[in-house]
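Presented below is the structure to which this report refers.
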Amino acid sequence: MPTSTKLPVPNAILLISDSNGGKAPERMRGKPIEATPSCIAVGCMADSNGKTDVTIGTPQELGEVADPAFDGELATPSRSVVVWTVAREIILRAPTVHLKTRVRIWVNHPSEPDRVAIVLG
């Protein structure tokens, strides 16, 4: 079953990494999603504008069909992925099988999405 939460996101950025952490991108460079091999940053709705619905799961659980806004690999040496805020608050956690995990991300708006779907695998 997918894991989901709806919350205000401080600084309008979510980070996705291995549960042991990762090196976040230094800046977004005007892009909605930016990544390093160990961390993915996703721009989302500013906390002052409302809440962002964040869901994480497998392809079978989420069933997204459109092209994702991001499709890449993430180093997952602990075989666990976390979604966290820039204030270092972990909001979601999901297990993975491999040391590198394919991550696809769908957003419903190019600059301030209020829906972020993260598919692992």
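Distance between the 7 Å Cα→Cβ label points at ALA46 and ARG79: 4.3 nm.
State the antiparallel share, in %, of DSSP beta bridges confined to segment 3-120, rounding to the nearest 5.
Working: 35 of 41 bridges.
Roughly 85 percent of the DSSP beta bridges within segment 3-120 come out antiparallel.
With contacts taken as Cα pairs under 8 Å at a separation of at least 6 residues, the chain carries a relative contact order of 32 percent.
Take the Cα of MET28, step 7 Å toward its Cβ, do the same at SER111, and the gap between the two points is 1.0 nm.
Sort 57-63, 107-113, 15-21 for me by packing, meaning the mean count of neighbouring Cβ atoms within 10 Å per residue, highest on top. Don't skip to the answer; put the middle values down first.
Working: 57-63: 14.1, 107-113: 16.1, 15-21: 19.3.
The packing order, highest mean first, is 15-21, 107-113, 57-63.
Projected label points at ASP71 and ASP53, each 7 Å from Cα along the beta carbon direction, are separated by 2.4 nanometres. As a calculated quantity, the FRET efficiency between ARG88 and GLN60 at R0 = 35 Å, using C-beta atoms, amounts to about 0.70. When peptides 79-85, 66-72 are ranked by their average number of other Cβ atoms within 10 Å per residue, the highest-first order is 79-85, 66-72.
May I ask for the net charge around ASN49, where only other residues with Cβ less than 10 Å from the Cβ of ASN49 are counted and Lys, Arg are +1 while Asp, Glu are -1? Spell out each step's value before the answer.
Details: positive: LYS51; negative: ASP47, GLU112, ASP114.
In short, -2.
For the pair segment 1-24 and segment 34-59, the centres of their Cα atoms are 6 angstrom apart.
None of the figures in this text is laboratory data; all of them are computed from the coordinates on show. As the structure is a prediction and not an experimental result, all values here were calculated from the model. Neighbour counts are summed over all protein chains in view; Cβ atoms, including those assigned to glycine, are modelled from backbone coordinates with ideal geometry.
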